[in-house]
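A short worksheet on the structure shown next.
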Amino acid sequence: MGQPTNRVFSGVQPTGNLHLGNYLGAIRKFVTLQDSHECIYCVVDLHAVTADLVQKDLKSQTREIAAAFIASGIDPEKHIVFNQSQVREHSELAWLFNCVARMGWLRRMTQFKEKAGKNSEEASVGLFTYPNLMAADILLYRATHVPVGDDQKQHLELTRDIATKFNNDFKERIAEFGHGEEYFPITEPIIDGPATRVMSLRDGSRKMSKSEPSDMSRINLTDSADDIAKKIRKARTDSEPLPESVEDLKGRAEAENLVGIYAALADESPGSVVRQFAGKQFGEFKPALAELAVEKLSPINQEMKRLLDDPAAMDKILANGADRAREIASVTMREVREIFGFLGD
Ligand code: TRP
């Protein structure tokens with residue numbers, strides 16, 4: 001296998017409903033990348049059990065993420081859509097990366113500190129080594145690019161550190177086995193492109209999140225047209241009309257958020273959105289936004305429903321994706337075992 005030069009890998013955890021923030025912030029970007037890259041998109045169920053050991057409805061949550069990928073326009077035949085735990089090589093490479101990564105590197109991970117909170121002694125060891133599994137996901141496929149949100153940038157840095165240490169420590173063996181200079185690529189993040197930070201509809205200073213108690217704070221990809229319209233109608237705003245320019249949205253977090261959502265859904269700039277609605281009240285802007293959101297999200301919602309109505313067919317798509325992922329992953333693992341010097345098969 002030659003080294004790929006334009007391979008994208010990304011993963012989404014099957015924990016809780018997908019919402020507009022996931023769609024505009026990540027999935028839409030995954031869709032766009034299909035034109036320029038060979039893409040591998042994974043439902044990372046092994047990551048899901050690092051936080052809560054006993055997950056409710058893991059199977060249906062897994063199918064739901066995969067259905068959202070496909071309904072949003074990811075082509076599971078041209079590209080690969082699969083479920084992490086069905087490709088055992090992820091766990092195997094993660095173990096070896098536990099031995100490559102250093103304690104100090106992982107101790108610096110801010111997400112672990114946030115997720116574990118004060119009670120880090122009670123956190124699972126898996127939550128601590130989570131970034132090593134993420135590195136394994138990416139490097140098993142020698143992915144060159146990973147679309148990531150801000151919160152995952154540090155984990156991608158760690159992935160690069162692991163690749164660099166592996167390449168250096170095993171330099172001679174990598175050359176001996178004819179794998180050239182570097183075995184693993186130094187994966188680049190993709191941070192630009194169509195990604196929008198979507199905030200809560202109830203509080204413009206917080207990210208839209210599945211863990212926020214009020215369902216009114218987010219638009220779920222499974223929401224009906226009526227729910228979407230209602231949530232937008234009730235979204236918090238101030239009482240000023242929309243301004244003439246985006247600069248004047250500063251300090252008006254809720255207004256800025258709704259304009260940002262409109263712009264992202266319409267594929268326009270926030271500037272052009274405020275120009276269209278300058279001087280209008282939210283009483284006029286919100287129905288326009290609701291109509292646009294329903295127009296863009298309903299087809300996705302309906303296609304997700306159709307896919308999820310037939311779980312056996314969904315599982316078949318995932319099994320096919322896993323077979324094709326495994327073809328790549330098994331070659332990497334065979335070579336990595338050889339480089340480590342294990343006896344092999
Ligand atoms: N940690 C990522 C998140 O929570 C999910 C993830 C797991 C991932 N493996 C990955 C993202 C590999 C990109 C590449 O969002």
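The values are calculated or read from the model by the stated rules, or taken from the named source; none is laboratory data. A quick note: this is a predicted structure, and the numbers were derived from the prediction, not measured. A quick note on method: Cβ atoms are made from the backbone with ideal geometry, for glycine too, and the neighbour counts reach across all protein chains shown. The protein model used for the area step is the full one, side chains on, heavy atoms only, and it has no ligands, DNA or RNA in it. Shrake-Rupley method; radii C 1.70, N 1.55, O 1.52, S 1.80 Å.
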From the options E188, E182, residue that is among the charged types (D, E, K, R), over 15 Å from H19 (Cβ atoms), assigned by TED's automatic domain parsing to the domain that holds A67 and within 19 Å of the chain's Cα centre (by Cα) | E188
Exception for A253 within (1) in contact (Cβ under 8 Å) with a residue 40 or more places away in the chain; (2) touching a helix residue (DSSP H, G or I) at 6+ places or on another chain (Cβ under 8 Å); (3) among the small types (G, A, S) falls at (2)
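Okay, residues lined up against (1) touching a residue at least 40 places away in the same chain (Cβ under 8 Å); (2) open to solvent by 60 Å² or more (accessible area, probe 1.4 Å):
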{"position": "L158", "(1), (2)": "yes, no"}
{"position": "N168", "(1), (2)": "no, yes"}
{"position": "E176", "(1), (2)": "no, yes"}
{"position": "F184", "(1), (2)": "yes, no"}
{"position": "P189", "(1), (2)": "yes, no"}
{"position": "M199", "(1), (2)": "yes, no"}
{"position": "R206", "(1), (2)": "no, yes"}
{"position": "S211", "(1), (2)": "yes, yes"}
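Yes/no per residue for (1) out of contact with any helix residue (DSSP H, G or I) (no Cβ under 8 Å at 6 or more places or on another chain); (2) assigned to a helix (DSSP H, G or I):
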site: E172; (1), (2): yes, yes
site: G178; (1), (2): yes, no
site: E181; (1), (2): no, no
site: F184; (1), (2): no, no
site: D223; (1), (2): no, no
site: I232; (1), (2): no, yes
site: I261; (1), (2): no, yes
site: L265; (1), (2): no, yes
site: S272; (1), (2): no, yes
Only one of A26, A51 is within 12 Å of the ligand (Cβ to nearest atom) and part of a loop (DSSP other than H, G, I, E, B); which?
-> A51
Somewhere in the range 281-295, is a residue part of a loop (DSSP other than H, G, I, E, B), more than 25 Å from C39 (Cα to Cα), outside the structural domain of V31 (by TED's automatic domain parsing) and modelled with pLDDT of 95 or more?
-> yes
Long-range neighbours under 9 Å by Cβ, at least six apart or interchain, first residue without any contact (Cβ under 8 Å) to a residue 60 or more places away in the chain and assigned to a helix (DSSP H, G or I) within the range 316-343, second loosely packed, with under 13 Cβ neighbours inside 10 Å and of a type in the set (G, A, S) | R334/G344; R337/G344
The lone exception for E64 - which of (1) within 16 Å of the ligand (Cβ to nearest atom); (2) of a type in the set (D, E); (3) over 17 Å from I317 (Cα atoms) it fails | (3)
Considering every residue within the range 71-79, establish whether at least one is more than 16 Å from the ligand (Cβ to nearest atom) and assigned to a helix (DSSP H, G or I).
-> yes
Under the condition of being open to solvent by 30 Å² or more (accessible area, probe 1.4 Å) and of a type in the set (G, A, S), which residue from the range 1-18 is farthest from P131 (Cα to Cα)?
-> G2
Top-ranked residue of the range 19-37 - restricted to ones that are surrounded by 19 or more Cβ atoms within 10 Å (Cβ to Cβ) and touching a Lys or Arg at 6+ places or on another chain (Cβ under 8 Å), ranked as modelled with the lowest pLDDT = G25
What pairs can you find where one residue is in the range 113-126 and farther than 15 Å from M103 by Cα and in contact (Cβ under 8 Å) with a residue 60 or more places away in the chain, the other is surrounded by 14 or more Cβ atoms within 10 Å (Cβ to Cβ) and not hydrophobic (A, V, I, L, M, F, W, C), and their Cβ atoms are less than 8 Å apart, with a gap of 6+ or different chains?
-> S124/T50
From the list S120, S124, which residue is more than 12 Å from the ligand (Cβ to nearest atom) and surrounded by 14 or more Cβ atoms within 10 Å (Cβ to Cβ)?
-> S124
Taking the range 127-145 and keeping only residues that are within 11 Å of the ligand (Cβ to nearest atom) and part of a helix (DSSP H, G or I), one is left with Y130, P131, N132, L133, M134, A135, A136, D137, I138, L139, L140
Look through the range 55-78, keep the residues that are in contact with a Gly (Cβ under 9 Å, 6 or more places away or on another chain) and not small (G, A, S), and return whichever of them is surrounded by the most Cβ atoms within 10 Å (Cβ to Cβ).
-> Q61
Within the range 146-169, tally of residues that are more than 10 Å from the ligand (Cβ to nearest atom) and either basic (K, R) or at pLDDT 95 or above (or both) = 14
